[in-house]
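Below is one structure, written out as structure tokens; comments come after it.
The values are calculated or read from the model by the stated rules, or taken from the named source; none is laboratory data. Not measured: the values here are computed from a predicted model. Quick reminder, even Gly has a Cβ in these numbers, built from the backbone with ideal geometry, and neighbours come from all protein chains shown.
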Amino acid sequence: MVLAHHKDADLRLRIQTLDAQEHIIPFVEEWLPIGPSITVLEVGCGEGGVLLAFLERGAQGVGVEISESRYRLAQTYLHPFLAQNQALLFREDIYQVSPDQLPYRFDLIILKDVIEHIPQPERLLNHLRRFLKEGGYIFIGFPPWQMPFGGHQQVCRSKLLSFFPYLHLLPRSIYKWILRMAGEDPSLIAELLSLRETGLSIEKLEKVAHQTGYRIVKKRFYLITPIYKYKFGLRPISQIPLISKIPYLRNFLTTGCYYLLTPT
């Protein structure tokens, strides 16, 4: 089943780890070699698949996850690293975590498919600055809101809605009505509408980065984002350079963005 990963935690973990091994780590390593001397914090670590790839390279890692169920899965999947004190996990809202609670500052903070869920991304970036070592980096990977499935409608119970591109761009009242008529759970509807309120675009992310005092070290846009290789069997394709340079239009045609930021 194409969307089996939504219900299969083992499969989600493998997808996350492969994506990190083959795409995220190589992207980061153009500026920051990953090895035993590196400290990594992942915010919204889920089951721990992305963090696992860094731990396997010898990095020291901390994961923060607000979901109780996903935190428990991460405890299981990362147990060997937790037992050896190579990793720590916190079930907490990142805003409730202080750098003083952690054993070290970080060379790298990972926000993979997280920042688009945050209503005030500028608040998050300001908060995370306190966790970075001098010269540290933040990796951000996210789908622009306007892309075909930027509303995360693929998590809907209705198969029709799951495969309906640009559905989330309908007027809010119509979008909400369609979700309700399809029998979607009220908590899911609230989550999808929250994503709509955030509406994170490429332009908004770059504006927030600049306003919060970060420099964009590098960025990469994808017509077919790398994780689709493992979810759907699609070969990753970088965005056409011309499209990448056209503000606003690029959001509708770019399924994934990678950024590496550092404080100025």
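Against the criterion of being in contact (Cβ under 8 Å) with a residue 24 or more places away in the chain, more than 20 Å from the chain's Cα centre (by Cα) and over 28 Å from SER194 (Cα atoms), GLY35 qualifies. Only residues that are without any contact (Cβ under 8 Å) to a residue 60 or more places away in the chain and in contact with a His (Cβ under 8 Å, 6 or more places away or on another chain) were counted in segment 192-215, giving 2. Could you list, in sequence order, the residues of segment 94-115 that are surrounded by 16 or more Cβ atoms within 10 Å (Cβ to Cβ) and either free of Cβ contacts under 8 Å to residues at least 24 places away in the same chain or farther than 15 Å from GLY46 by Cα (or both)? Hits for segment 94-115 are VAL97, LEU102, PHE106, ASP107, LEU108. Within segment 249-262, does at least one residue satisfy the condition of being under 16 Å from the mean Cα position of the chain (by Cα), of a type in the set (Phe, Trp, Tyr) and modelled with pLDDT of 95 or more? Scanning segment 249-262 turns up at least one residue that is under 16 Å from the mean Cα position of the chain (by Cα), of a type in the set (Phe, Trp, Tyr) and modelled with pLDDT of 95 or more.
Between THR76, THR17, which is among the hydroxyl-bearing types (Ser, Thr, Tyr), assigned by TED's automatic domain parsing to the domain that holds LYS231 and touching a residue at least 12 places away in the same chain (Cβ under 8 Å)?
Working: THR76 fails: touching a residue at least 12 places away in the same chain (Cβ under 8 Å).
Selected residue: THR17, the only one of THR76, THR17 that is among the hydroxyl-bearing types (Ser, Thr, Tyr), assigned by TED's automatic domain parsing to the domain that holds LYS231 and touching a residue at least 12 places away in the same chain (Cβ under 8 Å).
Restrict the check to segment 51-61 and report whether at least one residue is in contact (Cβ under 8 Å) with a residue 12 or more places away in the chain, under 21 Å from GLY256 (Cα atoms) and touching a Cys at 6+ places or on another chain (Cβ under 9 Å). Yes, because at least one residue in segment 51-61 is in contact (Cβ under 8 Å) with a residue 12 or more places away in the chain, under 21 Å from GLY256 (Cα atoms) and touching a Cys at 6+ places or on another chain (Cβ under 9 Å). Restricted to segment 165-211, and to residues there that are in a loop (DSSP other than H, G, I, E, B) and out of contact with any helix residue (DSSP H, G or I) (no Cβ under 6 Å at 6 or more places or on another chain), the residue that is nearest to PRO263 (Cα to Cα) is GLY199. Considering segment 126-151, and only residues there that are within 19 Å of ILE202 (Cα to Cα) and touching a helix residue (DSSP H, G or I) at 6+ places or on another chain (Cβ under 6 Å), the residue that is surrounded by the fewest Cβ atoms within 10 Å (Cβ to Cβ) turns out to be GLN146. Scanning segment 217-243 for residues being touching a helix residue (DSSP H, G or I) at 6+ places or on another chain (Cβ under 6 Å) and under 25 Å from GLU122 (Cα atoms) gives a total of 1.
Among the residues of segment 35-50, is any touching a His at 6+ places or on another chain (Cβ under 6 Å) and in a helix (DSSP H, G or I)? No, the conditions are met nowhere in segment 35-50. Within segment 77-112, the set of residues being of a type in the set (Phe, Trp, Tyr), modelled with pLDDT of 95 or more and closer than 18 Å to PRO36 by Cα comprises PHE81, PHE106. Just one of the listed residues (TYR175, TYR166, TYR228) is of a type in the set (Phe, Trp, Tyr) and in the same structural domain as PRO247 (by TED's automatic domain parsing), and it is TYR228.
Starting from residues that are among the basic types (Lys, Arg) and surrounded by fewer than 18 Cβ atoms within 10 Å (Cβ to Cβ), keep the ones in segment 221-264 and report whichever is farthest from THR17 (Cα to Cα).
Residues of segment 221-264 that are among the basic types (Lys, Arg), as a first pass: 229, 231, 235, 245, 250.
The next check asks that each one be surrounded by fewer than 18 Cβ atoms within 10 Å (Cβ to Cβ); those that pass are 229, 235, 245.
Values: LYS229: 13, ARG235: 17, LYS245: 30 Å.
This residue is LYS245.
Which residues, taken from segment 51-75, are part of a helix (DSSP H, G or I) and basic (Lys, Arg)?
In the first step, residues of segment 51-75 are kept if they are part of a helix (DSSP H, G or I); the result is 51-56, 68-75.
Correct list: ARG70, ARG72.
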